[in-house]
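We did not get these values from a lab; they are worked out from the coordinates using the rules stated. Computed from a predicted model, the values in this text were never measured in an experiment. Positions of Cβ are backbone-derived with ideal geometry, glycine not excepted, and every protein chain shown enters the neighbour counts.
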Amino acid sequence: MKKKETKVINKGIDTTELMTAMDELEKNNGIKKEFLMESIESALVIAYKKNFECNDENVKVVIDKEDGQMHVYQVKDVVEEVTDNKKEISLEDAHKINSNYNLGDKVNFELMPKEFGRIAAQTARQVITQKLREASRDFIFAEFEDKKGEIITGLVQKADGGAVIMDLGRIEGVMPKKEQIPTEQYHVNDKIRACIISVGKGVKGSTQIILSRASTEFVRKLFEIEIPEIYEGVIEIKSISRDAGSRSKVAVYSPNPNIDPVGSCVGQKGIRIQNIINELNGEKIDVIEWNEDPSIYISAALLPAKVLAVDIKEDEKFAQVIVPDDQLSLAIGKGGQNAKLAAKLTGWKIDIKSESQFRKILEEKAAEEESNEENAEEENSEE
């Protein structure tokens, strides 16, 4: 059986202006009126107990939705025998108020201390300001969460050799050192583009946006911007590997045999790819055609080097690549860069040998096999 709760009511504090303000907030900021009222009522209970030193009492604050009146109540439980006058009322005394009271019911006694109207108004303003701030943070978070992975333009506010701070309009973004292109220098008031790679919540719920110009995702989005066929899905980017500031490799594919995916990305006279190179501060870009045949794909991935042969070990995802002698250094690249990027692009382990190196290996192997055969024959003859 539901416990009965009866109010001993007097005229409360008029909150007509507060109700109007909450209506406006709901309409303009999307903050639910019921949520605001509950937050304000909870805050008012704390304010009341603090200002009138009654922490040991059961107090509640109710804002009437109908007439806009605010009421402060002391709540007492109906009991057989009272042990705490501030929280309990005897059944006998409760019957003096209303004969319908039963044990376990609650009686709400109106409290209307002087000066509480001023305290209530101040508390309500503080709660509304806080909720507005929270709503604004939540809105910004949701907005940028939807933009995760996208390119955004910002104004550099701080660039002292460490993390770059960018003004994105209503919020700041951070580009850590590792997300910057090593060959670039940034200056205050520079207008630059970067990719949103992370959106999170920081101290006190503030939105933290991490930006990058060094990620593969930045390259991917630049291709989508500059090459309509990629944006429209006619051409697909299968994989990207990158050494930011130096070289990127991009594998593209189109299921339509009438479309040249590499040619479409490079553009007439190279204008499309040049726009991307310019944005990346001169970073070299190898655009290759993806192929389901790993031999063909790996050969293309080692561009600009020419490949003579590729020996595949499917179970180990290992490829032995043979190149002309004069192409070995080009295939490996400075510091092994070209080979590393090709391996990362394809997902295969790649070992590169020159033609003469491979021939020498074959000769040594043949000589070893011949020697083994001779030894075996000698052992047999001795027997």
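Note the per residue figure in Å³ for the convex hull of the C-alpha positions in the range 43-146.
In the range 43-146, the Cα hull volume divided by residue count equals 167 Å³.
For Lys313, go through the lysines and keep the ones whose alpha-carbon is under 26 Å away, minus same-chain ones fewer than eight residues off.
List returned: Lys238, Lys249, Lys340, Lys344, Lys349, Lys353, Lys360, Lys365.
Considering only Ser246, Ser356, Ser254, give the residue with the highest GNM mean-square fluctuation for the chain, with springs between Cα atoms whenever their separation is below 10 Å.
For the chain, modelled as a Gaussian network with Cα springs under 10 Å, the answer is Ser356.
What does the helix-only formula give at 222 nm for the chain: each DSSP H stretch with n ≥ 4 adding -39500 (n - 2.57), the total divided by the residues, and the result rounded to the nearest 500 deg cm²/dmol?
Value at 222 nm, helices only: -12500 deg cm²/dmol.
Jot down the radius of gyration and Dmax of the range 292-375, Cα atoms only, both in angstrom.
That works out to 14.4, 46 Å for Rg and Dmax.
Can you give the net charge of the other residues whose Cβ lies under 15 Å from the Cβ of Gln337, counting K and R as +1 and D and E as -1?
Counting the neighbours of Gln337, the net charge comes to +4.
With +1 on each Lys and Arg Cβ and -1 on each Asp and Glu Cβ, how big is the dipole of the chain about its Cα centre, in debye rounded to the nearest 20?
On the way: 54 positive and 71 negative charges, 615 e Å.
The calculated dipole for the chain is roughly 2960 debye.
Looking at the range 240-323 only, what percent of DSSP beta bridges run antiparallel? Nearest 5 please.
Working: 9 of 15 bridges.
Of the beta bridges lying entirely in the range 240-323, close to 60 percent run antiparallel.
Could you check what % of the DSSP bridge pairs in the chain are antiparallel, to the nearest 5?
If we restrict to bridges inside the chain, about 65 percent are antiparallel.
Suppose R0 equals 41 Å. What FRET efficiency, 1/(1 + (r/R0)^6) with r the Cβ-Cβ distance, do Lys317 and Ile259 give to the nearest 0.05?
0.90
At what distance in nm do the modelled label points of Asp167 and Leu330 sit from each other, each positioned 7 Å from its Cα along Cα→Cβ?
The two pseudo-label positions are separated by 4.9 nm.
Would you calculate the separation in nanometres between label points at Glu224 and Val75, each defined as 7 Å from the Cα along the Cα-to-beta-carbon direction?
Taking the simple label geometry, Glu224 and Val75 are separated by 5.1 nm.
Taking square-rooted eigenvalues a ≥ b ≥ c of the alpha carbon gyration tensor, is the chain rounded, prolate or oblate, where a/c under 1.5 means rounded and, failing that, a/b exceeding b/c means prolate?
Cα axes put the chain in the prolate bin.
On a full-extension model of 0.36 nm per residue, what is the gain between Glu41 and Val203, subtracting their alpha-carbon distance, rounded to one decimal in nm?
55.7 nm
Could you grab the Rg to Rh ratio for the range 221-290? Cα atoms only, Kirkwood for Rh.
0.94
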